[in-house]
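The values are calculated or read from the model by the stated rules, or taken from the named source; none is laboratory data. These figures come from a predicted structure and were not determined experimentally. Here the Cβ positions follow ideal geometry from the backbone for every residue, glycine too, while neighbour counts run over all protein chains shown. For the accessible areas, the whole protein counts, side chains as well, though only heavy atoms, and no ligand, DNA or RNA atoms are used. Shrake-Rupley method; radii C 1.70, N 1.55, O 1.52, S 1.80 Å.
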Amino acid sequence: MKEPKPLELQGLIHFMGRLRAVSARGMRAALADAPKCRFGMLERLQYAIRVYGSDGAVYVSELARAAGKPMPAVSRGLRLLEQDGMVERRTDPQDRRKTLVRITPAGQHALQECEQALNAYFARVMGRIEPAQLAQMMALGDVLLSALEAETAASAAAKEECLDGKDF
């Protein structure tokens with residue numbers, strides 16, 4: 001009986017790169033007819049408002065912390081969204097040192113149209129996969145994601161031990 005060929009790291013990395021590139025091209029094409037909204041930035045802002053904000057807004061400093069980005073980079077992105085009429089920034093009336101950001105009605109509308117375009121694209125993609133294969137892919141995707149998360153957590157813990165002056 002023939003031994004199964006071990007998974008090659010290079011093949012896995014190549015597959016993941018192709019998956020990312022092809023899906024990004026498809027998503028750009030799906031958004032071609034949708035309103036210009038800088039979807040990635042606006043979607044991340046909406047998530048931050050939902051998780052870290054209150055009353056439909058979030059502090060710019062909280063957005064930067066949640067995104068793991070420096071304040072100047074977040075401010076540049078917000079400035080682009082603001083120029084497009086997708087967000088508005090206001091000084092917090094309770095603490096004038098802080099700035100709140102919220103998505104405008106135009107931004108909400110654009111975000112919804114972009115989400116609909118992406119949902120339609122991915123529905124067409126999934127429609128090309130047999131239901132049994134799709135179920136298997138989803139199950140195996142969860143297995144891979146769990147393994148990646150576990151290894152990442154273990155690596156982070158090992159590095160922290162190392163930084164604490166402990167050897168392996």
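If you go through segment 28-44 and keep only what is in a helix (DSSP H, G or I) and either touching a strand residue (DSSP E or B) at 6+ places or on another chain (Cβ under 6 Å) or open to solvent by less than 80 Å² (accessible area, probe 1.4 Å) (or both), you end up with 29, 30, 39, 40, 41, 42, 43.
Filtering 82, 62 for residues that are closer than 15 Å to residue 108 by Cα and either outside any loop (DSSP other than H, G, I, E, B) or small (Gly, Ala, Ser) (or both) leaves a single hit, 82. Evaluation of residue 47 against the conditions (1) open to solvent by 60 Å² or more (accessible area, probe 1.4 Å); (2) of a type outside the set (S, T, N, Q); (3) in contact with an Asp or Glu (Cβ under 6 Å, 6 or more places away or on another chain) shows that the sole unmet condition is (3). Would you point out the residue of segment 143-168, among those that are more than 29 Å from the chain's Cα centre (by Cα) and not aromatic (Phe, Trp, Tyr), that is modelled with the lowest pLDDT? Among them, the one singled out is 167.
Summed over segment 72-110, residues that are in contact with a strand residue (DSSP E or B) (Cβ under 8 Å, 6 or more places away or on another chain), open to solvent by 30 Å² or more (accessible area, probe 1.4 Å) and under 15 Å from residue 55 (Cα atoms) total 7.
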